[in-house]
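The values are calculated or read from the model by the stated rules, or taken from the named source; none is laboratory data. Just so you know, these numbers come straight off a predicted model, no measurement behind them. Backbone-built Cβ (ideal geometry, glycine too); neighbour counts: all protein chains shown. Heavy atoms of the whole protein, side chains included, go into the accessibility calculation; ligands, DNA and RNA do not. Shrake-Rupley method; radii C 1.70, N 1.55, O 1.52, S 1.80 Å.
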Amino acid sequence: MIGRIAGRVDYKGDDHALIDVRGVGYVVYCSERVLMTLAPGEAAALYTDLLVREDLLQLYGFPSLVEKEWFRLLMSVQGVGAKASLAILGTLGPDGVSRAIALGDWNAIKAAKGIGPKTAQRVVNELKDKAPMVMAMGAGQVTSAEDVVIEDTPAATPAPAARKMPAAKPNASAQSEALSALGNLGYGPGEAASAVAQAAGEDPEAETPALIRAALKLLAPKG
């Protein structure tokens with residue numbers, strides 16, 4: 001499995017780019033929004049997902065782990081293939097997809113090319129419970145492929161474990177990540193902080209996804 005590539009962009013097509021990695025060219029399919037950030041002759045780093053079928057292998061590229069995760073989740077919905085998933089991500093971006101699904105806004109999903117109302121509603125209904133988990137994944141973490149530093153020595157590898165060490169204040173960390181996620185959804189600092197604080201008060205041991213889910217319920221329009 002190829003999980004990430006870093007090299008130089010050789011050329012761009014309508015739906016893909018050829019990235020040269022030390023003399024080996026990888027054809028990577030991307031959304032229009034991602035392709036706009038790539039330029040021939042310039043360096044590029046993308047997280048990748050390899051789609052394997054009986055008659056072909058296709059590599060899809062994403063600038064962040066959150067966007068890659070949404071691609072995989074969108075693909076799990078019946079009637080949504082790789083092309084449709086890229087169309088949704090290209091239209092809304094990962095934050096927009098999180099916002100639309102968390103708030104049940106299927107009209108936003110329908111705005112993507114080739115996505116009809118029934119498919120858009122299916123996406124929202126099947127993924128609404130997973131949105132907080134993906135939002136939490138992107139809160140307070142380094143998820144950009146450009147930001148990943150690869151060291152030759154094994155001494156650099158313990159960094160992810162080091163980030164998990166502060167276990168003394170798990171709820172404080174969860175609240176901070178929940179606030180960040182709600183901010184990405186467009187909620188103001190005041191209303192987001194109030195909802196997160198209330199949710200945390202009702203469940204002091206709640207992890208980030210649970211806090212986000214509870215806060216969204218509190219912020220949902222009444223009636």
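Some observations on this one:
- Vicinal HN-Hα couplings computed from phi for the stretch 125-132 (Karplus, 6.51 cos²θ - 1.76 cosθ + 1.60; Hz; Gly/Pro x): 5, 7, 10, 4, 6, 9, 4, x
- For the stretch 170-219: accessible area per residue (Å², 1.4 Å): 48 Å²
- Projected label points at GLN121 and ASP20, each 7 Å from Cα along the beta carbon direction, are separated by 5.1 nanometres.
- The dipole here belongs to the stretch 1-105: it is taken about the Cα centre, uses +1 on the Cβ of Lys and Arg and -1 on the Cβ of Asp and Glu, and is about 180 debye.
- The gain in end-to-end length when the VAL52 to GLN78 segment is fully stretched comes to 7.6 nm, 0.36 nm per residue minus the alpha carbon separation.
- Note on the stretch 65-138: Lys pairs 8 or more places apart or on different chains, Cα atoms under 18 Å apart, count 9.
- Prolate/oblate/rounded call for the stretch 170-219, Cα gyration tensor, a/c under 1.5 rounded: prolate
- Three principal axis extents describe the C-alpha atoms of the stretch 65-138; from largest down they are 28, 21, 19 Å.
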